[in-house]
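Chemist: Have a look at this one before I ask anything.
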Amino acid sequence: VVEKNVLLICGSVREGSVNAAVLRAASELMPSGVSSSLYSGLAELPMFNPDLDREPLAQTIIALRSAIKNASALLFSTPEYAGAMPGALKNLLEWTVGGTEISDKPVAWINPSSSPTGASKTYASLKTVLTYTGARVLNDACVSIPVPRALIMDGEITDGTVRDGIRRALMTLVSGS
Ligand SMILES: Cc1cc2nc3c(=O)[nH]c(=O)nc-3n(C[C@H](O)[C@H](O)[C@H](O)COP(=O)(O)O)c2cc1C
């Protein structure tokens, strides 16, 4: 039996990120028998350049592609910046196009935005780009769970309703992957 392993990808590199707190909570709430790892290389990726997408690849790109390859599913959480996904996350996804690791990979997201617009444009653009890469978007596992900043204490989300929502989303993700 191959253990399931979810790769958690955060679109924010900000210290104190709400999205990172959501993914840390997700790593604590994985269904039993499912492991997870939080991708931590976002800020170190070079800007995508097709000229660099050939041997020898940068170590950061090799690491990104192998993390995706080894994952049974990907789970995203990202802020909206200026009406779309952050450039850093789009850059990561551009690097996946030249590899085949993301093809057919089950993917989903947890949207923790508590803004009036619900950061809907960032997730619309994320869906467009993930679909372009060939990833398999598990619509039922893509959820909005508003997490106001006040619910985060010392980087932790302890709110029971939010944690139950994350737990449910993870069950759906894992059962669909
Ligand atoms: C430059 C910038 C642009 C932003 N643009 C948007 C936006 O278009 N829509 C939105 O809902 N929030 C926007 N925000 C608010 C962030 O999405 C919000 O602060 C979010 O909590 C940041 O995520 P993080 O806590 O994980 O870093 C923007 C923030 C910054 C700094």
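Chemist: Might you let me know whether segment 97-106 holds any residue that is of a type outside the set (Asp, Glu), over 19 Å from Val143 (Cα atoms) and part of a helix (DSSP H, G or I)?
Modeler: yes
Chemist: While we're on this one: Determine which member of the set Leu64, Leu29, Leu45 is without any contact (Cβ under 8 Å) to a residue 40 or more places away in the chain, open to solvent by less than 70 Å² (accessible area, probe 1.4 Å) and more than 18 Å from Val137 (Cβ to Cβ).
Modeler: The unique qualifying residue is Leu64.
Chemist: Return the residues of segment 94-115 that are touching a Leu at 6+ places or on another chain (Cβ under 7 Å) and more than 16 Å from the ligand (Cβ to nearest atom); say none if nothing qualifies.
Modeler: Listed by number, the residues that qualify are Trp95, Lys105, Pro106, Val107, Ala108.
Chemist: Which residues, counting only those in segment 102-143, are surrounded by 19 or more Cβ atoms within 10 Å (Cβ to Cβ) and charged (D, E, K, R)?
Modeler: Lys105
Chemist: Restricting to segment 48-61, and then to whatever is free of Cβ contacts under 8 Å to residues at least 12 places away in the same chain and acidic (Asp, Glu), can you tell me which residue is least open to solvent (accessible area, probe 1.4 Å)?
Modeler: Filtering segment 48-61 down to residues free of Cβ contacts under 8 Å to residues at least 12 places away in the same chain leaves 49, 51-52, 54-57, 59.
Next, only the ones that are acidic (Asp, Glu) stay: 51, 55.
Working: Asp51: 98, Glu55: 153 Å².
The extreme case among them is Asp51.
Chemist: For Leu89, work out the one condition from (1) within 27 Å of Leu52 (Cβ to Cβ); (2) out of contact with any helix residue (DSSP H, G or I) (no Cβ under 8 Å at 6 or more places or on another chain) it doesn't fulfil.
Modeler: Tallying (1) within 27 Å of Leu52 (Cβ to Cβ); (2) out of contact with any helix residue (DSSP H, G or I) (no Cβ under 8 Å at 6 or more places or on another chain), Leu89 fails exactly one: (2).
The values are calculated or read from the model by the stated rules, or taken from the named source; none is laboratory data. The structure presented is a predicted model; accordingly, all values stated were derived computationally and were not measured. All Cβ positions, glycine included, derive from the backbone under ideal geometry; neighbour counts span all protein chains shown. Accessible surface is based on the protein model in full, side chains and every heavy atom, while ligands, DNA and RNA are left aside. Shrake-Rupley method; radii C 1.70, N 1.55, O 1.52, S 1.80 Å.
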